[in-house]
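Here's the structure we're looking at; comments come further down.
Just so it is clear, none of the values below were taken in a lab; they were calculated from the coordinates. This one's a predicted model, so the numbers in the text were calculated from it and none came from an experiment. A quick note on method: Cβ atoms are made from the backbone with ideal geometry, for glycine too, and the neighbour counts reach across all protein chains shown.
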Amino acid sequence: MQQHLTIFDPFEGMRFGNHICFLCGTRVTADQQTPVFPAWLMEKYSLGHEPLRLLDQSVVTYQDLKIPCCAQCQTQYLGPLEEKVQEAVSKGVPGLRAIDEKLLFQWMGKMFYGTLITELIKEQNPLVRPEYAVSEQPKMLLKFQSFFRVLQSLRVPMVFPDFIPASIFVIDVDASAEPSQFEFRDELSTMMFSLRLDNALIVCCLLDNGMIKDSMRRVWQVVEPRQLQPIQAAELSARIFYAGYLLNVIPDYLVRPVKPQDEHLVMDTLIDDVTNVIFNPWQHSSYAKLLATMWAKWGITQEDILRDPQEPLSMLFSPEGEFIEFPTIPGQAK
Ligand SMILES: [Zn+2]
């Protein structure tokens, strides 16, 4: 197979370390690194010195979070992608909706993967014995391996003929009264990643072949053209994150046989929905628990949400299913 069409698979033999380019596997020196959160983003939102809590509960600053990356991957692949996304971000929600979803997938995916392999590199150190080792969870590793195969599209020209690996929602939020311009949330096990950049909230599940977005299409049709209040955006996030919990299948990706003249790989995908249900059944109680964490800053508890056990509290839709233009926040006089 042509060199530029060769996929690197660090999960085979767990090749993670400070001397291995995260994207192509080339050996690099310790100073060849790239920040997980791109420099322009850290600068724009003054994140550099802000603390970030990792999976093992250790705290680093955004600027300290770096992964090994060779010069070629940096200049040929990551740099140009950052330029395109930065341009889109500067145009806000319309810019982010106009950009090719595949690029957003790669951009969000690289940050997600960067936080993940920071963890995996740490676990390769025999002196570090984390209580909760990602590298010892075979099911999670299979998921990450599958995800990284399509994230290689950052470097290897790759066509996804009839699917996109992720569900990506670009949500318009009226964040003018919010104390911060930047918010970030990720969840390793469900592969959820969300960022709010001013009025644009991007929420994605990085490995579901768009199944979450498809399952939420009726809600999304109503919500997409509207600008949401922060409390509504938090609810929508909760619904998407909860769908991530319920998702019960892991897409697999296969490369179609390559011919000598091929300039790119064509990927096929496989979902085992014969032996598995795609989504586990929705449970109001566990959804309410998750929503309460998203609504914590409004002081709304799980009990408030489940006051009517059959109909969890919603700031997006009335019990009749109508979109709520101006939600009344419980406990706050209008
Ligand atoms: Zn590289």
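Brief remarks on what is shown
- Point-charge dipole on Cβ atoms (K/R +1, D/E -1) for the stretch 1-156, about Cα centre, debye to 20: 280
- In the stretch 228-276, one over the average inverse separation of all distinct C-alpha pairs is 14.3 Å, which is the Kirkwood hydrodynamic radius.
- Spatial separation of Cα centroids for the stretch 1-52 and the stretch 290-331, in angstrom: 40
- Value of relative contact order over the chain, rounded to a whole percent, pairs C-alpha under 8 Å and six or more apart: 14
- Binned Cα-Cα distances of the stretch 1-156, short to long, each 10 Å bin given as a whole percent: 10, 38, 37, 14, 1
- Per-bin percent of Cα-Cα distances, the chain [10 Å]: 5, 24, 34, 25, 10, 2, 0
- Compared with the dominant Cα axis of the chain, that is its longest principal axis, helix 284-294 is turned about 80°.
- Stretching the chain fully between residue 256 and residue 178 yields a gain of 23.3 nm (0.36 nm per residue, less the alpha carbon separation).
- Extension gain, residue 83-residue 282: 0.36 nm per intervening residue step, less the Cα-Cα distance, totals 67.6 nm.
- Extreme residue, positive dipole direction of the chain, given options 169, 134, 197 (C-beta unit charges): 134
- Value at 222 nm in deg cm²/dmol, rounded to 500, when DSSP H runs of n ≥ 4 in the chain each add -39,500 (n - 2.57): -9500 deg cm²/dmol
- Here residue 139 is the anchor, and the lysines within straight C-alpha reach of less than 28 Å, apart from those fewer than 8 places off in the same chain, are 66, 102, 110, 122, 213, 289.
- Net +/- balance of residues flanking residue 210 in space, Cβ distance below 11 Å, scoring K and R +1, D and E -1: -2
- The stretch 1-156, relative contact order [Cα under 8 Å, separation at least 6], %: 28
- The C-alpha atoms of the chain define a longest principal axis, and helix 230-246 lies at about 60 degrees to it.
- 0 to 90° range, to nearest 10: angle between helix 101-123 axis and the chain longest Cα axis: 70
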